[in-house]
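The values are calculated or read from the model by the stated rules, or taken from the named source; none is laboratory data. For clarity, every value in this text was computed on a predicted model and none was experimentally measured. Cβ: placed from backbone, ideal geometry, glycine included. Neighbour counts: every protein chain shown.
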Amino acid sequence: MLSTDEIRRIDHEIALVPVRKAASIEALKIVQHHRGWISDESLQAIAAHLGMSAEELDSVATFYNLIFRKPVGRNIILLCDSISCYVMGYEQIYAHLQALLHIKFGETTPDDRFTLLPNPCLGSCDHAPVLMINQDTYRNLTNEKLQEILKEYK
Amino acid sequence: MERPLTQHINFNRSSLNLKDYRSVGGYQAVEKALTTMAPQDITKMVQEADLKGRGGAGFSTGTKWSFVPMNTVGQTKYLIANADEMEPGTFKDRMLLEGNPHQLIEGMIVAAYAIQANISYVFLRWAYKKAAWLIKHAIDEAYAAGYLGKNILGSGYDLEMHLHTGIGRYMCGEETALLNALEGKRATPRTKPPFPQVSGLFGKPTIVNNVETLCNIPHIVNHGADWFKDLSPGSDAGTKIYGISGRVNKPGLWELPMGTTIRELLEEHAGGMKKGVSFRAVLPGGASTDFLVEEHLDVKMDYKSISAAGSRLGTGTMIVLDDQTCPVGFIHNLEHFFAQESCGWCTPCREGLPWTEKILLSIENGEGRMEDLELLEMHTKHLGPGNTFCALAPGAMEPLQSGLKYFRADFEKHIKEKKCPWR
């Protein structure tokens, strides 16, 4: 079941496009924003509202890197693993993150505080290595900075 | 030296709002275009200015616009700014988006008027959170000031503008895949023809232009085609936003005349290599361009010169490979990215890229065989131009084929010594 607020927001997006289905990505974003991830139940509810099959919507949901089809933690760490960050040592940052949080890429801490994911180029290559946590971008990372940064996220 | 695109960008103060932008001549091009110029005259002017697409392909912008059917009163057409910057090592559009969002909006209004589109989109990379906020705010300001909406400046021309933020996939940068993403589908590329200029978003005529390309439009309209051509002493017109990342002293972005040499960028603007490391090679225009080496340092960074040297200008943002970084690991990192981002639509790309990635990883880990080098060579042919549905796999093969040429000895050393000499 979609909430009244979710339906209101999705209908706003539907009004902007010539066919209902074209709002599918926006609808996934809206529901994920409310619920953190897209469960099978959420997927079915959105698909029904847009007049498409759950399978078709799932083919869209699983295509994009940032629609989560599994539960994630309260905070999402996206560590850039692309070329400029490779040259500037993202692997060392990754090793340090693993030591601090005891999780690898694709995993969530047992207390649901962090999910750690690799991410392609974040477009701050002149300040590599770079990561994002939720909405925030951190540049010129060092192991020392990392510890301080993580403290900000509960 | 004139720097039209970045002259008002200063990151020590906040981004230009509508009032700031107007105080430095902003929206004069919209006024001039909408009230004194016919749409076709703008297209002709952009064509004469020889502005080429700054997103990577380098196609003539005015020519692209000229393919849009005109004299089509009442037909829906679209103009889209491709702000889905995701080529690894590329960060130039971010500066334009965050530094001066109204410049992009003004360029979009003029471009949309030239093709008589009434709906426009900014297709923005999700990771650019600050840019998203600024663009949203700037669009609202432009509506309030009457630069967007119905009957703009009393010209009778209407234009709506929307911000769409993506959810992460490199393929969205390819213009037909971007259209599928905007239609709420998987971002796989479409067959061409029909070209988007004739049948694009929701089957309607559509122009997709890169951010930097669109930001040039107001300046061309204000100052003319000859002025634009004179900005560069070389064979390609205008300025270019060049960038460098890697182990240099001052990585960053600089707007310079088209055709500035790699050496000038590297030594004067980026301050040379960091202490203790030396230069080995550069990817001149992002991850999907061929390596250039020491002998190419005096090559001019313009479309023709870089092609003659065996690479592509691409996005003009370079990534430097230094002697402390393993070239095999470097290329593996690139192919990992391309294999992951392949949309899976066509077989050579879907199957071939993961194969090259695995071979490169085994070589990097000291488990490679000499015949693997032939396998890699084979892939550079099989995944090359003409064998795949879009340009992703051929682009992925560019650093691999030139890497095999310039770093052959390093590949062989990994295989003979059964380890990475850099680890």
Quiz prompt | Odd one out for B:T325, checked against (1) crowded, with 19+ Cβ neighbours inside 10 Å; (2) part of a helix (DSSP H, G or I); (3) of a type outside the set (D, E, K, R) | solution = (2)
Practice problem: Take B:Q7 and decide whether it is surrounded by fewer than 19 Cβ atoms within 10 Å (Cβ to Cβ), at negative phi and not assigned by TED's automatic domain parsing to the domain that holds B:Y143. | Solution: yes
Quiz item: Name the residues in region B:10-25 that are within 18 Å of B:W133 (Cα to Cα), hydroxyl-bearing (S, T, Y) and exposed (fewer than 12 other Cβ atoms within 10 Å of the Cβ), would you?
Solution: B:S14
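This table checks each residue for (1) in contact with a helix residue (DSSP H, G or I) (Cβ under 6 Å, 6 or more places away or on another chain); (2) surrounded by fewer than 21 Cβ atoms within 10 Å (Cβ to Cβ); (3) farther than 27 Å from A:L28 by Cα.
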| position | (1), (2), (3) |
| --- | --- |
| B:F195 | no, yes, yes |
| B:V198 | no, yes, yes |
| B:L201 | yes, no, no |
| B:T206 | no, no, no |
| B:N210 | no, no, no |
| B:T213 | yes, no, yes |
| B:N216 | no, no, yes |
| B:H219 | no, no, yes |
Exercise. List the number of the failed condition for B:G243; all other conditions in (1) small (G, A, S); (2) touching a residue at least 12 places away in the same chain (Cβ under 8 Å); (3) within 14 Å of another protein chain (Cβ to nearest Cβ); (4) not in a strand (DSSP E or B) hold.
Key: (4)
Practice problem: Scan region B:248-271 for residues that are of a type outside the set (S, T, N, Q) and in a loop (DSSP other than H, G, I, E, B) and jot them down. | Solution: B:K250, B:P251, B:M258, B:G259, B:A270, B:G271
Quiz item: Quick one: would you say B:P196 is more than 12 Å from every other protein chain (Cβ to nearest Cβ), in a loop (DSSP other than H, G, I, E, B) and out of contact with any Cys (no Cβ under 9 Å at 6 or more places or on another chain)?
Solution: yes
Practice problem: Give region A:91-117 a look and list any residue that's part of a strand (DSSP E or B) and either touching a helix residue (DSSP H, G or I) at 6+ places or on another chain (Cβ under 8 Å) or at the interface with chain B (Cβ under 9 Å from one of its Cβ atoms) (or both), or say none. | Solution: A:F114, A:L116
Quiz prompt | Complete set of residues in region A:40-90 that are under 15 Å from the mean Cα position of the chain (by Cα), assigned to a loop (DSSP other than H, G, I, E, B) and free of Cβ contacts under 8 Å to residues at least 60 places away in the same chain | solution = A:T62, A:F63, A:Y64, A:N65, A:L66, A:I67, A:F68, A:R69, A:K70, A:P71, A:V72, A:G73
Quiz item: Mind checking which pairs have a first residue in region B:9-35 that is within 16 Å of B:L97 (Cα to Cα) and a second that is assigned to a loop (DSSP other than H, G, I, E, B) and among the small types (G, A, S), Cβ under 9 Å, 6 or more apart or different chains?
Solution: B:I9/B:S15; B:L16/B:G26; B:L18/B:G26; B:L18/B:A145; B:D20/B:S14; B:D20/B:G26
Quiz prompt | Selection from region A:125-154 of residues that are within 14 Å of A:G89 (Cβ to Cβ) and hydroxyl-bearing (S, T, Y) | solution = A:T142
Quiz item: Quick one: is B:T176 more than 14 Å from every other protein chain (Cβ to nearest Cβ) and either within 17 Å of A:K21 (Cβ to Cβ) or out of contact with any strand residue (DSSP E or B) (no Cβ under 7 Å at 6 or more places or on another chain) (or both)?
Solution: yes
Self-check item: Residue that is within 9 Å of chain A (Cβ to nearest Cβ), at pLDDT 95 or above and within 25 Å of B:E87 (Cβ to Cβ), where the choices are B:T165, B:T188
Solution: B:T188
Quiz item: If a residue has to be away from chain B (no Cβ under 11 Å) and among the charged types (D, E, K, R) to count, how many in region A:42-90 make the cut?
Solution: 4
Quiz item: Right, B:D140: more than 14 Å from every other protein chain (Cβ to nearest Cβ) and assigned to a loop (DSSP other than H, G, I, E, B) or not?
Solution: no
Self-check item: Whichever residue in region B:302-349 is among the aromatic types (F, W, Y) and facing chain A (nearest Cβ under 8 Å) and, among such residues, is nearest to the chain's Cα centre (by Cα)
Solution: B:F337
Self-check item: Single condition B:Y157 does not satisfy, out of (1) away from chain A (no Cβ under 14 Å); (2) out of contact with any Leu (no Cβ under 6 Å at 6 or more places or on another chain)
Solution: (2)
Quiz item: Only one residue in A:L150, A:L57, A:L100, A:L66 is surrounded by 20 or more Cβ atoms within 10 Å (Cβ to Cβ), within 28 Å of B:H336 (Cα to Cα) and not charged (D, E, K, R). Which one?
Solution: A:L57
Exercise. Could you please tell me which pairs satisfy a Cβ distance under 8 Å, a separation of 6+ or placement on different chains, a first residue in region B:404-423 that is more than 12 Å from B:P327 (Cα to Cα), and a second residue that is modelled with pLDDT of 95 or more and of a type in the set (V, I, T)?
Key: B:I415/B:I363
